[in-house]
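Encoded as structure tokens, the structure appears first; notes follow it.
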Amino acid sequence: MKYSLKWLRDYCPANVPADKLAQQLTMAGLEVESLVRVGDDVVLDVEVVPVRSDCLSMVGLAREISFLTGAPLTLPPVLIKEVRIPKEFSVDVDLVDRDLCPRYSARIVTDLRAGASPPWLAERLEAVGVRSLNNVVDITNFVNLEMGQPLHAFDLAKLRGRKLVIRRAAAGEKLVLIDGQELALSPEDLVIADAEGAVALAGVMGGRDSEVSSSTEAVVIESAHFDPVSVRRTARRYGLSTESSYRFERGTDPTATLEAADRAAALIAEVAGGTVLGPPADKGQTEWSRPAIVLRPARANMLLGTSLTGEDMAVLLRRLYFDVGLDRMENLIISAPPYRRDVCAEIDVVEEVGRAYGYDDVEATLPGGRMPAPARVPREELERAAREVLTAAGFAEVYTPSFTDPEKLAAYGLDAATAVPVANPTVSQFSHLRPALWPALAEVATRNGRLGAPSVLVFELGTVFEPGEDGRVVERPRLAALAAGEAAPRHWSRPPPRADFFFVKGIVEALARALDASLTWRGESFSLGDGEGKYVRLPLEPFGEGHVVEMDVAPLYGRAAAPSRRYHPISRFPSVVRDLAVVVDDGTAAADVVAALRDSSELAREVSVFDVFTGEGLPPGRKSLGIRIRYQADDRTLTDEEANAARQGAIEILTERFGATLRSQ
Amino acid sequence: MTEDAKKFLAEVTALKTAAEKAATAVSDGKALERWRIEFLGRKSPLGRLSKSLTSLAEGDRPAAGKALNELRADLKAEYESLQKRLGPKKAGTDEARLDYTLPGVQPPIGTLHPLTKTYYEITAFFASLGFNVAHGPEVEDEFHNFGALNFPPDHPSRDAQDTLYVNDEWLLRTHTSPAQIRVMLEQRPPLRVIVPGRCFRADAVDASHYPVFHQVEGLLVDENVSLGDLKGTLTAFAEYIFGPDTKMRFRPHFFPFTEPSAEVDISCVVCGGEGCRTCGGKGWLEIAGAGMVHPNVFRNVGYDPEQWAGYAFGMGVERIAMLKYGIDDIRLFYENDFAFLKQF
Ligand SMILES: [Zn+2]
């Protein structure tokens, strides 16, 4: 909210430079976001937190300034000269729905001349960004800004049946607002109605048909206390936010309604030359009391880290207009002023003591007390392990948004029906939650490729989403890695390797080693430990194609934290290497052959494929695998005979299980 | 050994010397071919010498033959080495003329995202104070994201949250604070927990807003915990992350789930407090929201607010990273240009 320093000084003539004052307000929880000099005035823009509605007025902020600077606070005078209401001007106020309007006060001013506002009034309003309309409306706005009590003026002549009924709207009841918008009301809306229908949306905006105009001669000034939740719901239902609804939503002072109506009536009589009629209408609850709150000084000191006496606290609170008494236990018995709707419990008073004392003066200490036992966090450890493997392989970590849209998904061959839609997206490209990480990695690759990168190696750890039962959303933490273009940094002395399937598969194998997890492939899918993953080859500009592996990582949590890995004693005896060139059917999986060889002898320590080819010299439908087996024993040097016997055994197994033949050498 | 044999061996030695000397002058393919014909060709002295081997005395033949074979092998090796030297190849690799200033082969060097690096620094600090890490779901319900955190229904305090909804029941968490609730429902004090994670807001995209951002939430619950402890913790944190000269201040603020609440500012990392563009002339930069856990939050998780006290804080990882590295546009974190990523 904007505040004029000149206006504030009407109530608290603090002799403090504006920037010093801004600093003090900021440190008291009223953050001054900007300070602009306008002529001989200074306009402060202050962020008022939602619970400090008492500060949404000049008087409210002046009260804080008075506390901070010690300068006296002068409240605006209310000097009413009222004339007893003649019959022809009486208005019958019928407060029907007291739950939504606990108090409704109103004053009538007659014989006025609506017209331009005097310069002082227009200046005050315009200084804080409120447009001057006419003297009557300007006064209602002025008093709202001055006291924080929203007011509304009805043209008395336009109230049919001289009645004001405060009631819920009938379903579908129509109301044309001051701004011209026609509403079909909900039965949950509170309205002010005359004898025939709604004339104002309570606490939000007045109606066009009862608006004050240049021909207005008499007005009813409404000063009510509306239920904050009701006003908020109604304002949101119609997408409205007004000076009035803003204050009512945050809570107003129910004890101030009559005073504000009187203040406005007196000022209207002053600037528009009218007569104030009395007595005022004042329906609903007119007596309000605050609960007594017990403040234990020891508790307050413990929570704040201060060592104030009860008396110190009482002094601070009294300066903020709190009533403070003492009970027999030396506790303070507090009653907050009526406008401090945020202070209802001991903790609220503790905060107020801390704020008044100054957070700056609270000594900074490190926490003592008991430390909980350190715990391993499997997810963190897995993520660190994965990041180590990927960065060691030259991959750059990326963060992409969690959102996508159906068009993008379709472009990557994914079904939008598998993605969870966001109910209220702000950006159309962010309409759904991502069902996979790799499409965004592909975009990162294309972007960098177009910027000239010859190589893109990127990975992301992030959550993907899929629709679950009963409107739930299933979250899956994933790891995805994408490689495109050159698979290693360039050097002039040698051609760079290209990223391909085997390159990204190598990453998965490295992860398997790091996590001591099993890895099996079935076509383009794989299982890494208990997690499932998939290889995707996709067309990717400007590289031609990209290669992706994406896998669930939640099933791998715990692998990095408590690996099953055990030390295997190192053999001191030399190993013997034997090579095999076997011819098998094209459909035979190399992994199965390797596994069979690994199991073929307990001496087989390492089995690796060093060559694969088809064609030349081979029957159609067959392929040749060149395989190297390293044999080793823990307790002796192997003899050639032992190694040859093991090799022979291996050949027999391959022949039997895979129909393998030895390729003649 | 006969005189003939001695002469034979001398000729072998002389031939070797001549060939080596001639080799130094070979500078192109043509010269190499001439060298080959001269020293290895059919009419070369080598051929003549091998023919004359049979005319030597029987006893001298093995030694002479050995010398001749060695010469032949040496000449062939010399020829191959010349061939290699003159063959097509990259400039600069000649050992003798190696240009040591040419760039080396780069090992593949991956990079961690700056948000990860920042997060790891944050974690390292809090781990040293005994905080454990906990995680929570990104899709939350109303109870964990708002209700249990003491956000009254239909209250303006919810406006600041700009919540993205999946449906009536489920929403994308607007902060990592719901995980506080999950931790407290599962564990008993004393507690020291930080919760990292991705959060969501219905924000438009600009230099300082993005619908996705990351937060680290902290929670400490024990029997005696004060606002002073919170100040001390965050002061030490600011000095750890931004350097020992960093000053910190607490401004009273409002959050539904803490009371007293504060916004935490550090002295501007650019101007040191004098006032500049980064800090909007204020000399201070906001880095966190914090406060003492509200008694209603304790009640909502079944802790007795008379027995326990606690503090909580939340900070934006993007915000910390931007201040730490001097990054002025939040979108850079999500665009992933290598020109950006490779700087970290
Ligand atoms: Zn600065």
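The values are calculated or read from the model by the stated rules, or taken from the named source; none is laboratory data. What you see is a predicted model; the values in this text were computed from it and never measured. Glycine also receives a Cβ, built like all others from the backbone with ideal geometry; neighbour counts cover every protein chain displayed. With ligands, DNA and RNA removed, areas are computed over all heavy atoms of the protein, side chains included. Shrake-Rupley method; radii C 1.70, N 1.55, O 1.52, S 1.80 Å.
Is there a residue being open to solvent by 10 Å² or more (accessible area, probe 1.4 Å), of a type outside the set (F, W, Y), more than 20 Å from B:F146 (Cα to Cα) and assigned to a strand (DSSP E or B) anywhere in the range B:203-210?
Yes: the range B:203-210 contains one or more residues that are open to solvent by 10 Å² or more (accessible area, probe 1.4 Å), of a type outside the set (F, W, Y), more than 20 Å from B:F146 (Cα to Cα) and assigned to a strand (DSSP E or B).
Does the range B:144-159 contain at least one residue that is surrounded by fewer than 16 Cβ atoms within 10 Å (Cβ to Cβ), more than 33 Å from the chain's Cα centre (by Cα), part of a helix (DSSP H, G or I) and among the aliphatic types (A, V, I, L, M)?
No, that holds for no residue.
Got a number for residues in the range A:27-43 being open to solvent by 20 Å² or more (accessible area, probe 1.4 Å) and of a type in the set (G, A, S)?
So the answer is 2.
Open to solvent by 30 Å² or more (accessible area, probe 1.4 Å) and assigned by TED's automatic domain parsing to the domain that holds B:L234: is that true of B:G289 in this structure?
For B:G289, the condition - open to solvent by 30 Å² or more (accessible area, probe 1.4 Å) and assigned by TED's automatic domain parsing to the domain that holds B:L234 - is not met.
Just give me the residues in the range B:188-202 being more than 8 Å from chain A (Cβ to nearest Cβ) and in a loop (DSSP other than H, G, I, E, B), in sequence order.
Once the filter is applied, which keeps residues that are more than 8 Å from chain A (Cβ to nearest Cβ) and in a loop (DSSP other than H, G, I, E, B), the range B:188-202 yields B:R188, B:P189, B:R201.
Go through the range A:36-130 and tell me which strands (runs of 3 or more DSSP E), entirely inside it, have 2 or more residues that are of a type in the set (A, V, I, L, M).
A:41-47, A:92-95, A:103-110
Here is a yes/no grid of residues against (1) assigned to a strand (DSSP E or B); (2) in the same structural domain as A:R113 (by TED's automatic domain parsing); (3) in contact (Cβ under 8 Å) with a residue 60 or more places away in the chain:
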{"residue": "A:A171", "(1), (2), (3)": "no, yes, no"}
{"residue": "A:L175", "(1), (2), (3)": "yes, yes, no"}
{"residue": "A:G180", "(1), (2), (3)": "no, yes, no"}
{"residue": "A:E188", "(1), (2), (3)": "no, yes, no"}
{"residue": "A:I192", "(1), (2), (3)": "yes, yes, no"}
{"residue": "A:A195", "(1), (2), (3)": "no, yes, no"}
{"residue": "A:G206", "(1), (2), (3)": "yes, yes, no"}
{"residue": "A:T216", "(1), (2), (3)": "no, yes, yes"}
{"residue": "A:V220", "(1), (2), (3)": "yes, yes, yes"}
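B:F254 versus (1) touching an Asp or Glu at 6+ places or on another chain (Cβ under 9 Å); (2) under 19 Å from A:A364 (Cβ atoms); (3) away from the ligand (no atom under 16 Å from the Cβ): which is the lone unmet condition?
(2)
Which ranges mark the strands (runs of 3 or more DSSP E) fully within the range A:450-562 that have 1 or more residues being surrounded by fewer than 19 Cβ atoms within 10 Å (Cβ to Cβ) and out of contact with any Phe, Trp or Tyr (no Cβ under 9 Å at 6 or more places or on another chain)?
By residue number, A:455-467, A:519-522, A:531-540, A:544-552.
Taking A:T110 as meeting all but one of (1) under 26 Å from A:A198 (Cα atoms); (2) open to solvent by 30 Å² or more (accessible area, probe 1.4 Å); (3) touching a residue at least 24 places away in the same chain (Cβ under 8 Å), write down the number of the exception.
Here A:T110 meets the rest and fails (2).
What number goes with the only condition from (1) modelled with pLDDT of 95 or more; (2) closer than 24 Å to A:E31 by Cα; (3) within 11 Å of another protein chain (Cβ to nearest Cβ) that B:Q215 does not pass?
It fails just one condition, (3).
List the number of the failed condition for A:P620; all other conditions in (1) surrounded by 12 or more Cβ atoms within 10 Å (Cβ to Cβ); (2) more than 60 Å from the chain's Cα centre (by Cα) hold.
Of (1) surrounded by 12 or more Cβ atoms within 10 Å (Cβ to Cβ); (2) more than 60 Å from the chain's Cα centre (by Cα), only one is false for A:P620: (1).
Just give me the residues in the range B:224-277 being facing chain A (nearest Cβ under 8 Å), within 29 Å of the chain's Cα centre (by Cα) and open to solvent by less than 10 Å² (accessible area, probe 1.4 Å), in sequence order.
B:T233
Between a residue in the range A:29-52 that is farther than 25 Å from B:P156 by Cα and any residue that is of a type in the set (D, E) and open to solvent by less than 60 Å² (accessible area, probe 1.4 Å), which pairs come within a Cβ distance under 8 Å, given they are 6 or more apart or on different chains?
The qualifying pairs are A:L35/A:D45; A:V36/A:D45.
Between a residue in the range A:443-472 that is facing another protein chain (nearest Cβ under 9 Å) and any residue that is in a strand (DSSP E or B) and open to solvent by 60 Å² or more (accessible area, probe 1.4 Å), which pairs come within a Cβ distance under 8 Å, given they are 6 or more apart or on different chains?
A:T463/A:R476; A:F465/A:R476
Which residues, taken from the range B:298-320, are open to solvent by less than 10 Å² (accessible area, probe 1.4 Å) and either more than 11 Å from chain A (Cβ to nearest Cβ) or modelled with pLDDT under 95 (or both)?
The answer is B:Y303, B:A312, B:F313, B:M315, B:I320.
I'd like to check something: does the range A:411-421 contain any residue that is buried (at least 21 other Cβ atoms within 10 Å of the Cβ) and either of a type in the set (F, W, Y) or within 20 Å of B:C199 (Cα to Cα) (or both)?
Looking through the range A:411-421, at least one residue is buried (at least 21 other Cβ atoms within 10 Å of the Cβ) and either of a type in the set (F, W, Y) or within 20 Å of B:C199 (Cα to Cα) (or both).
So B:K89 clears everything in (1) facing chain A (nearest Cβ under 9 Å); (2) at pLDDT below 85 except one condition, right? Which one?
Answer for B:K89: the failing condition is (1).
I need every pair where a residue in the range B:271-298 that is aliphatic (A, V, I, L, M) has its Cβ under 9 Å from the Cβ of a residue that is open to solvent by 30 Å² or more (accessible area, probe 1.4 Å) and near the ligand (Cβ under 7 Å from one of its atoms), sequence separation at least 6 or different chains.
B:L285/B:V270; B:L285/B:T278
Can you confirm whether the range A:29-38 contains a residue that is at pLDDT below 95 and closer than 29 Å to A:A272 by Cβ?
Yes: the range A:29-38 contains one or more residues that are at pLDDT below 95 and closer than 29 Å to A:A272 by Cβ.
Taking the range A:352-383 only, how many residues are part of a helix (DSSP H, G or I) and surrounded by fewer than 16 Cβ atoms within 10 Å (Cβ to Cβ)?
2
When you scan the range A:592-611, how many residues do you find that are closer than 16 Å to A:T520 by Cβ and exposed (fewer than 13 other Cβ atoms within 10 Å of the Cβ)?
Matching residues across the range A:592-611 total 2.
Taking B:R42 as meeting all but one of (1) surrounded by fewer than 12 Cβ atoms within 10 Å (Cβ to Cβ); (2) assigned to a helix (DSSP H, G or I), write down the number of the exception.
It is condition (2) that B:R42 fails.
Would it be correct to say that B:F131 is more than 8 Å from chain A (Cβ to nearest Cβ) and touching a residue at least 60 places away in the same chain (Cβ under 8 Å)?
Taking the combined requirement at face value, the residue satisfies it.
Within the group B:T246, B:T235, which residue is hydroxyl-bearing (S, T, Y), more than 15 Å from the ligand (Cβ to nearest atom) and on the phi < 0 side of the Ramachandran plot?
Testing whether each residue is hydroxyl-bearing (S, T, Y), more than 15 Å from the ligand (Cβ to nearest atom) and on the phi < 0 side of the Ramachandran plot leaves just B:T235.
So which residues in the range A:384-400 are open to solvent by 20 Å² or more (accessible area, probe 1.4 Å) and either within 27 Å of the chain's Cα centre (by Cα) or closer than 18 Å to B:V225 by Cβ (or both), if there are any at all?
Of everything in the range A:384-400, those that are open to solvent by 20 Å² or more (accessible area, probe 1.4 Å) and either within 27 Å of the chain's Cα centre (by Cα) or closer than 18 Å to B:V225 by Cβ (or both) turn out to be A:R384, A:Y399.
What is the residue count in the range B:299-325 for residues that are without any contact (Cβ under 8 Å) to a residue 60 or more places away in the chain, closer than 20 Å to B:C199 by Cβ and either among the basic types (K, R) or away from the ligand (no atom under 16 Å from the Cβ) (or both)?
The total comes to 1.
Take the range A:1-26 and flag every residue that is open to solvent by 20 Å² or more (accessible area, probe 1.4 Å) and either touching a His at 6+ places or on another chain (Cβ under 9 Å) or among the hydrophobic types (A, V, I, L, M, F, W, C) (or both).
Within the range A:1-26, A:M1, A:V16 qualify.
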